[in-house]
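Chemist: Dropping the structure in here first, questions after.
Just so it is clear, none of the values below were taken in a lab; they were calculated from the coordinates. Just so we're clear, the structure is a prediction, and the values are computed from it rather than from any experiment. Backbone-built Cβ (ideal geometry, glycine too); neighbour counts: all protein chains shown.
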Amino acid sequence: MTGIPGGDRKRPKAARSEAKPSEVHESVPPKAARSEAQPSEVDWRDWTWQMQHRIRTAEALEHFLDPTPKEREGIAKLAARFHFVITPYYAALMDPDDPACPIRRQVVPHIAELDDAAGLADPLDEVAHSPVKNVIRVYPDRIAFCVNNECALYCRFCLRKRMVGEPEWAMKKRELGEALDWIRATPAIRDVLLTGGDPLVYSDDRLAWLIGELRAIPHVEIVRLGTRLPVTLPFRVTDDLCRMLRDFHPIWLNTHFNHPRELTAEAEEALTKLADAGIPVGNQSVLLRGINDDVATMQALCEQLVRLRVRPYYTYQAQLLEGTAHFRVPIEEGVALFREMRGRTSGFAIPQYVLDTPYGKVPLAHPYLRGREGDDVIVESYDGRLWREPNPE
Ligand SMILES: *Cc1c(COP(=O)(O)O)cnc(C)c1O
Ligand code: SF4
């Protein structure tokens, strides 16, 4: 395959070496956490309280579970590399008795993160695709606009590890203004995806200002939000927020559930509010080893999302990203998983499995179109039967 770009991407020198310190389940605050911080039910459901009481140390985590030696070592050794931050809400979903808990593995550091020779800091070369700070343009007509460097918590497999929680990627109002100027001056941009980090970490006022500025640009047809807060901090989805967003339609929103256990009563409430505000909600998951890489789990996730009016949109192949080798699933296994789902569930419960590349997202699918024989094409059904369809050239 020589001559095809991509395979020789080099690990950037000194990436991060200048390390800075730095089923429906009801989530009930665990007793230990309550006796420590004494949150009232009102506090617990207040997203600003949750943000202020996030877990950042092994000691704070101990109110929820007893970290394994590999987790403790991960917390200690990875502190300078990638921030460890968890909302109390999400921490309360972790299974204290199971180190393989799919919630726990997404957010608790693990020593396995140090064991990844191939991973890169910026596998999609996003920095090279930025015409102006934090605007990533891979396609002619749409951009990913990283308006914020912060999230409610930090996922261990985050594609934007290089950026989230790092002060240098924060957007000052002046820098947001410069990005808006670039969008105003680029009439080809019809679709703006606000992402990050997480745009919903913004206050309602700041978000309303930003979306208002975008709405005032005639060529911006749609504004999309990419946010994990319905998963990690569902209390952020308030009635006020939904009322504000409704004034700016068409607004689309994609969120990021990876496992059915994340679909709690609180998440359901948030998703219902968004759907009732007329916002089409989609889901982008990441295929993660041992978390959602089996048909039963992926299918349960997607079917429960559909029941909550959320359309599974993409499932990403985990990138060749530093510290994530233990999460990666071979692409062939991913293709087989979604092929198996095809015959088993509603078509709109099946996300498109994609690999993101510096050239854009590439669909990864079983080759159902098998080829041409004379005036016919041969296609394959979900269960492997071949069909000959007349299709003269
Ligand atoms: C994913 C992405 C988009 C949006 O892509 P869609 O396939 O339209 O959802 C736009 N720009 C960048 C840089 C992206 O990574
Ligand atoms: S919420 Fe998204 S952007 Fe934030 S850490 Fe998780 S994967 Fe990364």
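Chemist: Evaluate E = 1/(1 + (r/R0)^6) for Ala76 and Gln52, where r is the Cβ-Cβ distance and R0 equals 25 Å; express this FRET efficiency to the nearest 0.05.
Modeler: Step by step, r from the Cβ atoms, then E = 0.55.
Chemist: State the Cα centre-to-centre distance between the stretch 227-270 and the stretch 357-393 in whole Å.
Modeler: Between the Cα centre of the stretch 227-270 and that of the stretch 357-393, the gap is 37 Å.
Chemist: Now, a different point. Which value at 222 nm does the chain reach when only helices count, each DSSP H run of 4 or more adding -39,500 (n - 2.57), with the total divided by all residues and rounded to the nearest 500 deg cm²/dmol?
Modeler: -8000 deg cm²/dmol
Chemist: Still on this structure, please answer the following. Given the convex hull over the Cα atoms of the chain, what projected area results after averaging over all orientations, in nm²?
Modeler: Here the figure is 21.5 nm², rounded to one decimal.
Chemist: Say each of Ala275 and Arg190 gets a label point 7 Å from the Cα, pointing the same way as Cα to Cβ; how far apart are those two points in nm?
Modeler: Between Ala275 and Arg190, the simple spin-label model gives 2.9 nm.
Chemist: Going 7 Å from the Cα of Glu340 toward and past its Cβ, which residues in the stretch 375-393 have a backbone nitrogen under 15 Å from where you end up?
Modeler: 383-384
Chemist: At R0 = 51 Å, how high is the FRET efficiency between Ala265 and Ile378 if r is their beta carbon distance? Nearest 0.05 is fine.
Modeler: In this case the efficiency is close to 0.60.
Chemist: Length gain on complete extension for the stretch Ala100 to Ala118, per 0.36 nm per residue less the alpha carbon to alpha carbon distance?
Modeler: So the chain would gain 4.1 nm between Ala100 and Ala118.
Chemist: May I ask you to compute the full-extension gain from Ala365 to Tyr139, defined as 0.36 nm times their residue separation minus their alpha-carbon distance, rounded to one decimal in nm?
Modeler: 79.2 nm
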